[in-house]
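A.B. asks: Encoded as structure tokens, here's the structure I'll be asking about.
What follows draws every value from the coordinates through simple rules; no lab data is involved. Every value quoted in this text rests on a predicted model; they were computed, and no experiment measured them. Heads up, the Cβs are rebuilt from the backbone with ideal geometry, glycines too, and the neighbour counts pull from every protein chain shown.
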């Protein structure tokens, strides 16, 4: 408890940002793309449509049923689905800098981020970033829909940082967490990702191709190193890897594959997630995992305040409301 209080004190204290000059904090009202919660469906009927692709419906019937404790045994309800902004992921070049709260912990670290053009001869196409995972129950923070059973309650919480995780900083050590990477993290396996790249740009990614991230590259290894010469795409890929990684660690459950309860997904169902760049420059809408940065990445990494990103994670929320 003592260490938790110390960390909490460091996070809420307005330390000057020693590595990044942008001290603006995230505003959930203006920095979140609220049009990305659509479409909203009730009882299999689209109540609020959207031009964004939607994950497949679990139930097209007007009623649903879930198990309940005795003596009821069955709880009837109405199926409801929408997209919930439930998590924040920061991908940062400056270790221990938290752009969403505009502060940094003054701890020196050698595990800083590197961009694709940081090599001496310019041939290195890899990028590395640290990542921070926040629980972000935005409905509860804004005190909206507080009595609605289909939204997450609780408070804003920093749940994971990679600066202290050796598995994030070393591809070889990460083999402990994802031994199957030996099968997929190679050029031959990546040729099979072409259909996923096409699908993610036309509609939704192909979740059976779980080792692929569309135009962003490979989902493996589950570390902060990404082979992509597009810096914004590389950061989006790192944020997506964090989603996969948290599911692998059973720290993230999928709310879009069962109407009655969230389900642990060690192998992610990636079409149930959308990303939206919230900082430093807000995207007007979220996009599926693997979509080319040519469609959403223009002028999103300004000089002087760039290279530290905040991504809002929209997840498919399907529930049986009663």
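A.B. asks: State the Kirkwood hydrodynamic radius of the chain in Å, one decimal place, computed from all pairs of distinct Cα atoms.
C.D. replies: This gives a value of 20.4 Å.
A.B. asks: Measuring from label point to label point, each 7 Å out along Cα→Cβ, what is the residue 284 to residue 126 span in nm?
C.D. replies: Going from the residue 284 label point to the residue 126 one covers 3.8 nm.
A.B. asks: Rounded to the nearest 0.05, what FRET efficiency do residue 78 and residue 267 have when you use their Cβ-Cβ distance and R0 = 30 Å?
C.D. replies: Details: r = 30 Å, r/R0 = 1.00.
So the FRET efficiency works out to roughly 0.50.
A.B. asks: In terms of the ratio Rg/(2.2 N^0.38 Å) built on C-alpha atoms, what value belongs to the stretch 31-92?
C.D. replies: That ratio works out to 1.47.
A.B. asks: Let me ask something additional. If I model a spin label at residue 202 and residue 173 as a point 7 Å from the Cα along the Cα→Cβ vector, what separation in nanometres do I get?
C.D. replies: In this crude spin-label approximation the distance works out to 4.2 nm.
A.B. asks: Please work out the ratio of the alpha-carbon Rg of the stretch 149-207 to 2.2 N^0.38 Å and round it to two decimals.
C.D. replies: 1.67
A.B. asks: Fewest Cβ neighbours within 10 Å first, please rank 245, 315 accordingly.
C.D. replies: 315, 245
A.B. asks: Something else about it: GNM, the chain, Cα, under 10 Å: largest mean-square fluctuation among 178, 169, 23?
C.D. replies: Of 178, 169, 23, the Gaussian network model singles out 178 as fluctuating most.
A.B. asks: Something else now. Which of 139, 268, 216 moves the most in a Gaussian network model of the chain with Cα springs under 10 Å?
C.D. replies: Comparing 139, 268, 216 in the GNM, the peak value goes to 139.
A.B. asks: For helix 2-12, report the angle its Cα long axis makes with the longest principal axis of the Cα atoms of the chain; keep it between 0 and 90° and round to the nearest 10°.
C.D. replies: The two axes meet at around 80 degrees.
A.B. asks: Multiply the residue gap between residue 189 and residue 159 by 0.36 nm, knock off their C-alpha separation, and tell me the result in nm, one decimal place.
C.D. replies: 7.5 nm
A.B. asks: Another question about this same structure. Taking the square root of 5 times each eigenvalue of the Cα gyration tensor, what semi-axes in Å does the equivalent ellipsoid of the stretch 223-290 have, largest first?
C.D. replies: Working from the Cα gyration tensor, I get semi-axes of 23, 15, 9 Å.
A.B. asks: Take every Cα pair under 8 Å in the chain that's 6+ residues apart, average their separations, divide by the length, and report that relative contact order as a whole percent. Display every interim value, and only then the final one.
C.D. replies: Working: 700 pairs, mean separation 71.9, N = 322.
Relative contact order, the chain: 22 percent.
A.B. asks: To the nearest µm²/s, what D does Stokes-Einstein give for the stretch 117-233 at 10 °C and 1.306 mPa s, using the Kirkwood radius over alpha carbon pairs as Rh? Intermediate values should be presented prior to the final figure.
C.D. replies: On the way: Rh = 16.9 Å.
My calculation gives 94 µm²/s for D.
A.B. asks: Let me ask you something else. State log₁₀ I(q)/I(0) for the stretch 201-322 at q = 0.15, 0.23 Å⁻¹ as given by the Debye formula over alpha-carbon point scatterers of equal weight, solvent excluded.
C.D. replies: -0.67, -1.41
A.B. asks: When ranked by the protection proxy of mean other Cβ atoms within 10 Å per residue, highest first, what sequence do the peptides 180-192, 224-236 form?
C.D. replies: Listed from highest to lowest mean packing, they are 224-236, 180-192.
A.B. asks: If you don't mind, another one. Given a 10 angstrom Cα cut-off, can you work out which residue in 284, 89, 172 is the most mobile in a GNM of the chain?
C.D. replies: Highest fluctuation of the listed residues: 172.
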